[in-house]
1. Sorted by accessible area with a 1.4 angstrom probe, largest first, how do Thr255, Thr160, Thr212, Thr195 fall?
2. If you place +1 on the Cβ of every Lys and Arg, -1 on the Cβ of every Asp and Glu, and leave all else neutral, what size is the dipole of the range 165-264 about its Cα centre, to the nearest 20 Debye?
3. Any idea of Ser105's accessible area? Nearest 10 Å², probe 1.4 Å.
4. Just read off the accessible area of Leu153 with the full protein assembly in place, 1.4 Å probe, to the nearest 10 Å².
5. Give, in nm to one decimal, the length gained when the segment between Ser95 and Val194 is fully stretched (0.36 nm per residue of separation minus the Cα-Cα distance).
6. Whole-Hz Karplus ³J(HN,Hα) for the range 197-209, in order, using 6.51 cos²θ - 1.76 cosθ + 1.60 and θ = phi - 60°, x for Gly and Pro?
7. Report the extension gain between Thr212 and Ala251 in nm, rounded to one decimal, defined as 0.36 nm multiplied by the number of residues separating them, less their alpha carbon distance.
8. Counting only protein chains, not ligands or nucleic acids, how are Ser173, Ser203 ordered by accessible area (probe 1.4 Å), most first?
Amino acid sequence: MAATSRALQRLSFSSAALLVGCCSSFCGGSRQASETQHSSFNMGKGSSGFSATALSASSCNSNNDVLPSMPSMIVFDLDDCLWTPEMHELSGMPSIPVEGPLDPSDNNSELGTVGMKVPSRRRRGNNNKGFDWGGYANDDGEEVVELYPGARLVLRELATNPKYAAVKIAVASSSLEPSYSRACINGIEIVDGVTMEDMISYSQIGREGQLTSRKTSHFKLLQAQSGIPYDEMLFFDDCNWGDHVGDLQDAFGVTGIRTPQGLQ
């Protein structure tokens, strides 16, 4: 069995329900999940990504009053998992707050900083005949880093529901521009007055010093910082050029989910 499949088998239906926050109660207290349950979340290699709206209230057994075990720490990748674009696609530091509704499901919700924008600055295009606005630009020609709607819903649930108060949040990113990543973490709000920085207990970002392109290096430091056992961690990662989830499962027994299209 592939490493990724082994990792996915250790993820419970209830753990996924915890993250998406779509069920008012949780079902399937076992940490073993069936292949049918996996496919309902579109998880694993070759999948279309993890949808934060994959679950509905009807998915839960209302007669099941047993609360499932929860991970002690949830670890997220950043680029193309929680947000888009990737930091190396930007032409400079994302330093300008972008305001918008904090609840992606309600355009009339409270306003806050939903993205961080790179100041507009021209640079010579590849053909040396004109100028472009960096390696990435949205439909308005601006370089804005924003959370995927599903990722925002997940983080809002974790920030506001008291039953998750004991769950630690961490990030593990091999970003090529860690200062850009931290600028976004510091600026982007999840709920009014609460930034990503306020929610994150531990972070390992970059691939220099003790950190490499392998996420095992990040998790060694996260475990040392937190004291949390590897088998009590849950990891979300989009990596399409390798398999961090399988690597961590083989090395440390970390439960993980690949999200090839991000937490949409």
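1. Numbers: Thr255 0, Thr160 85, Thr212 60, Thr195 25 Å².
The most accessible residue leads, giving Thr160, Thr212, Thr195, Thr255.
2. Numbers: 7 positive and 13 negative charges, 50 e Å.
It comes to approximately 240 debye.
3. Counting only protein heavy atoms, the figure is 90 Å².
4. 50
5. Numbers: separation 99, 0.36 × 99 = 35.64 nm, distance 1.77 nm.
That works out to 33.9 nm of additional length.
6. In residue order, the calculated couplings are 4, 5, 8, 8, 8, 9, 9, 10, 10, x, 8, 10, x Hz.
7. Numbers: separation 39, 0.36 × 39 = 14.04 nm, distance 1.51 nm.
Roughly 12.5 nm would be gained on extension.
8. On the way: Ser173 0, Ser203 35 Å².
So, going from the largest accessible area down, we get Ser203, Ser173.
The values are calculated or read from the model by the stated rules, or taken from the named source; none is laboratory data. Just so we're clear, the structure is a prediction, and the values are computed from it rather than from any experiment. With ideal geometry, Cβ positions are generated from the backbone for all residues, glycine too; neighbour counts draw on all protein chains shown. Each accessible area value is taken on the protein alone, full model and side chains, heavy atoms only, with ligands, DNA and RNA left out. Shrake-Rupley method; radii C 1.70, N 1.55, O 1.52, S 1.80 Å.
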